[in-house]
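Structure provided below as structure tokens; questions to follow.
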Amino acid sequence: MGAALGSVLRAIPLQAAEYAHSIIEAENADDKAGGYAPRFFTPHQFGTLQLLCETIFPADADSGGAKEAGAPEFIDLITSENSDFQLKLGGGIMWLDSTCADRYGSPYLECTHEQQKEILDSIAYRRNAARDKSLSQGVEFFSLLRSLTSDGFFTSKIGIKYLGYIGNSFLTHFPGCPPVPGV
Amino acid sequence: MQQSNPRRKIFDVCVIGSGAGGGTAAKVLTEGGLSVVMLEAGPRLHPETDFKEHVWPYELAHRGAGVGARARFQLNDEFMAPNGFWDIEGEPYTTAPGSTFRWFRSRIEGGRTNHWGRIALRFGEADFRAHSRDGMGHDWPITYDQLAPFYDKVESYIGVFGSKDNIPNAPDGVFLPPPRPRCTETIIKKACDHLNITCIPSRMAILTKPLNGRPACHYCAQCGRGCISASNFSSSQVMIPVAQATGRFTLIANAMAREIVVGKDGKAEAVSYIDKSTRSENRVYAKAFVVAASACETARLLLNSRSPSFPDGVANSSGVVGRYLTDSVGSDLAGYFPQLEKMPAHNHDGVGGMHMYMPWWRFGKKNDFLRGYHIEFGGGRDMPGVGGFDGVCAENEGYGVGLKQKCRSSYGTFIGFSGRGEMIPNDKSYCELDPNVIDQWGIPVLRFHWQWGENEIRMAEDMQDTFRSIVEAAGGTVRGGTRRHSHAGNISTGGEIIHEVGTVRMGNDPKTSALNKNCQAHDVKNLFVADAAPFVSNPDKNPTLSIMALSWRTSEYLLDQAKKGEL
């Protein structure tokens, strides 16, 4: 692919590539300086968000998890700009903490691993809300958080690698479907 | 008096709008030797800074979701070339009680050609005389044979790939070679062969070979982001630069046309426009005017150009301006295909859009509805993006390594199908000036009336049946529509397919049409329309290629008239 890249790049104005990378660097510079200061969530809530994201898409033998993928920072950023998300996610984490306090006597982050699993197992499925109406707000919250975590994970470098996407490149010709039995 | 101002610059032609129609007119007219001034309601386009081609989602803090993740819920994502919006702040439109209509408008040099799907289909012979064939709608005042040479010119200039397939009423064109099919397309083609549904290489305005100084496609699948190498067609990169190179072209950006001013001799003499950057009123003078602001915006400008001789709007003595508004019939469905789970990782990108499609394959047969539709389809191992895993997450629920693995195994296994069909114009679908609402520039806005006919509803149902049969024949399972339609049932919301046409239609009878067969206003000889407003019908074939062919024909007629001194 290297040869193809060189031949096509000649046709593309250099300043275009430079510009794209300069805006990217500027956007990233904010977040790279020192520890991350959450824009919307309190430090406690952000810690909870990090744990939830990592629990939704954890590191495993094949790749890092949602935390390494920057999903919590991405969710914090878009939530800081979206009042609907502020209500649903900010409120959702408070719902989770107060529900944990009622059930286990401490907020989610301080619950035991077993307690955390128990509450997540109850809000991770719609059918549970059908059985127990007191869970429905938690199920709604978790459903949105799961979607946004999938955004954050699968648009990251490690998430894209995990999926095996190959492309976004310069080809001189497109080879089409590789020979695969049955296709 | 303004008329006696000796310093007033008078251009040969003023073109309003810089999209497919306006760009084509600017090219043909300036190359023909005329001076052209173009009004564009938005800013100039700067591809080298405006396009985000080849940027990975993780290189942007918002990952493509945009500020507040708003782009997650719109047609635009953060990567899209500057193109347009469903809602423009300060420039509303309204809908009549009981009607729903969505209007996607551009305010940028190049207009909607910056984002369009590049699908470039010729209308067929039968499309120009649909009324003669089935008694519905109206015939065009021109035939396919009259427009065909201009399709040739457009395709030869802009570059369209495809293959010669001799399909009834889906004419072949001047084609570059088509790209090879992706795996998803190979699977669906096989199923279509089994079902006797025609499935052929698509016809797209993307270069598979270098043409007229533009390099060939480099297969990154990102046409919608804008192409830095201009290997796909946009008016901003392919039409306007050549007009500019003639030295006879002036583009006035951020100029919102408000009114066409008619002189004492009954001819148009100027356009009043708002300079958006200063909020000031200006005029530009010309000997002839080509309106190409997009079908509904063009109708709005004519309706707003009221004078004692034209109390209902310029060129509207027939009262048809705003009438006969149509959009394509749209319906979508997706399928899951388990055989794609076994596909090894490979580069699936290709061009920005489909490599194959299904032209209307039941032409001339007895169907439950009149006219026809074609099918577009796509999916597979595309670049991951925001929202791409919503469906898998909602279906599987839960969390953890299991969900993560499920997302990976189902990645690239979905194929979405979109039908695009012909709507027959009806009396209940039209636009008019809202009597009570103006935009921030003081210009009265459009109010839309919309109703699908029974024929369209039946056609959309047929699309769904066809999609299901294709999904099943290909060994897949149906997974719901690919897009959320706000209209009840299986049919898209009016305007949503962004194929609005017909609002200033052409015809031989000045009582029932606003323009003659050369897209020249019956009432005002130096006024022309060059977007989709003149269309008499809205065949299933996406309108952009026909907008350009018709604009090219209109522009050559205008050139000829200018040479004869008729303007």
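The values are calculated or read from the model by the stated rules, or taken from the named source; none is laboratory data. Predicted model only: the values in this text are computed from it and were never measured. Methodologically, a virtual Cβ is constructed for each residue, glycine included, from the backbone with ideal geometry; neighbour enumeration extends over all protein chains shown.
Pairs only if they're at least six apart or on different chains, beta carbon under 6 angstrom, first in region B:129-144 and free of Cβ contacts under 8 Å to residues at least 60 places away in the same chain, second surrounded by fewer than 17 Cβ atoms within 10 Å (Cβ to Cβ) and not in a loop (DSSP other than H, G, I, E, B); list them, first residue then second.
So the pair list comes out as B:TYR144/B:GLU125.
Could you check region B:39-54 and list, in sequence order, the residues that are buried (at least 20 other Cβ atoms within 10 Å of the Cβ), more than 14 Å from chain A (Cβ to nearest Cβ) and of a type outside the set (D, E, K, R)?
Scanning region B:39-54 gives B:LEU39, B:ALA41, B:GLY42.
B:ARG381 - would you say it is away from chain A (no Cβ under 13 Å), assigned to a loop (DSSP other than H, G, I, E, B) and among the basic types (Lys, Arg)?
No: the conditions fail for B:ARG381.
Now for a different question. Which of (1) within 13 Å of chain B (Cβ to nearest Cβ); (2) touching a Cys at 6+ places or on another chain (Cβ under 8 Å) does A:CYS100 not meet, given it meets every other one?
So the condition that A:CYS100 fails would be (1).
Could you please find all residues in region B:388-402 being touching a helix residue (DSSP H, G or I) at 6+ places or on another chain (Cβ under 6 Å) and either within 7 Å of chain A (Cβ to nearest Cβ) or more than 21 Å from A:ARG126 (Cβ to Cβ) (or both)?
Within region B:388-402, B:PHE389, B:ASP390, B:CYS393, B:TYR399 meet the criteria.
Inside region A:114-146, can you point out the residues that are surrounded by fewer than 19 Cβ atoms within 10 Å (Cβ to Cβ) and either charged (D, E, K, R) or closer than 16 Å to B:ARG408 by Cα (or both)?
Once the filter is applied, which keeps residues that are surrounded by fewer than 19 Cβ atoms within 10 Å (Cβ to Cβ) and either charged (D, E, K, R) or closer than 16 Å to B:ARG408 by Cα (or both), region A:114-146 yields A:GLU114, A:LYS117, A:GLU118, A:ASP121, A:ARG126, A:ARG127, A:ARG131, A:ASP132, A:LYS133, A:GLU140.
If I go through region B:56-77 residue by residue, how many of them are touching a helix residue (DSSP H, G or I) at 6+ places or on another chain (Cβ under 7 Å) and either modelled with pLDDT under 85 or more than 11 Å from every other protein chain (Cβ to nearest Cβ) (or both)?
So the answer is 1.
Can I ask one more? Please specify each residue of region A:160-183 satisfying the condition of being more than 7 Å from every other protein chain (Cβ to nearest Cβ) and touching a residue at least 24 places away in the same chain (Cβ under 8 Å).
Scanning region A:160-183 gives A:LYS161, A:THR172.
Say we look at region B:238-249 and pick out the residues that are out of contact with any Gly (no Cβ under 9 Å at 6 or more places or on another chain) and away from every other protein chain (no Cβ under 14 Å); which of these is surrounded by the fewest Cβ atoms within 10 Å (Cβ to Cβ)?
So the residue we want is B:GLY247.
Continuing with this model, one more query. Quick one: which residue in B:GLY372, B:GLY378 is of a type outside the set (Phe, Trp, Tyr), more than 18 Å from B:ARG118 (Cβ to Cβ), surrounded by 21 or more Cβ atoms within 10 Å (Cβ to Cβ) and at pLDDT 95 or above?
Selected residue: B:GLY372, the only one of B:GLY372, B:GLY378 that is of a type outside the set (Phe, Trp, Tyr), more than 18 Å from B:ARG118 (Cβ to Cβ), surrounded by 21 or more Cβ atoms within 10 Å (Cβ to Cβ) and at pLDDT 95 or above.
Within region B:188-207, track down each residue that is in a loop (DSSP other than H, G, I, E, B) and either of a type in the set (A, V, I, L, M) or under 22 Å from the mean Cα position of the chain (by Cα) (or both).
B:ILE197, B:SER202, B:ARG203, B:ALA205, B:LEU207
What's the number of the only condition in (1) touching a Lys or Arg at 6+ places or on another chain (Cβ under 9 Å); (2) within 7 Å of chain A (Cβ to nearest Cβ); (3) crowded, with 24+ Cβ neighbours inside 10 Å that B:VAL36 fails to meet?
Every listed condition holds for B:VAL36 apart from (2).
Further question: Run down B:ILE415, B:ILE470, B:ILE443 and say which single residue is modelled with pLDDT of 95 or more, more than 15 Å from B:TRP103 (Cα to Cα) and surrounded by fewer than 22 Cβ atoms within 10 Å (Cβ to Cβ).
Criteria check complete, one pass: B:ILE443.
Going by the structure shown, is B:VAL28 buried (at least 24 other Cβ atoms within 10 Å of the Cβ) and either more than 28 Å from A:TYR162 (Cβ to Cβ) or away from every other protein chain (no Cβ under 14 Å) (or both)?
Yes, satisfied.
Then there's this: For region B:144-185, give me each residue that is within 14 Å of another protein chain (Cβ to nearest Cβ) and over 15 Å from B:GLY353 (Cα atoms).
B:LEU176, B:PRO177
Residue by residue, here is whether (1) surrounded by 23 or more Cβ atoms within 10 Å (Cβ to Cβ); (2) touching a helix residue (DSSP H, G or I) at 6+ places or on another chain (Cβ under 8 Å); (3) closer than 17 Å to B:ALA292 by Cα holds:
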| residue | (1), (2), (3) |
| --- | --- |
| B:SER236 | yes, yes, yes |
| B:LEU251 | no, yes, yes |
| B:ILE260 | yes, yes, yes |
| B:GLY266 | no, no, no |
| B:SER277 | no, no, no |
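Kindly indicate which of B:GLY313, B:GLY322, B:GLY335, B:GLY330 is in contact with an Asp or Glu (Cβ under 9 Å, 6 or more places away or on another chain) and closer than 26 Å to B:ALA41 by Cα.
B:GLY322
Among the candidates B:GLU91, B:GLU53, B:GLU48, which residue alone is assigned to a loop (DSSP other than H, G, I, E, B) and touching a helix residue (DSSP H, G or I) at 6+ places or on another chain (Cβ under 6 Å)?
Within the list B:GLU91, B:GLU53, B:GLU48, the selection yields B:GLU53.
Just to be sure, is B:ALA61 small (Gly, Ala, Ser), farther than 25 Å from B:ILE547 by Cα, touching a residue at least 12 places away in the same chain (Cβ under 8 Å) and crowded, with 17+ Cβ neighbours inside 10 Å?
no
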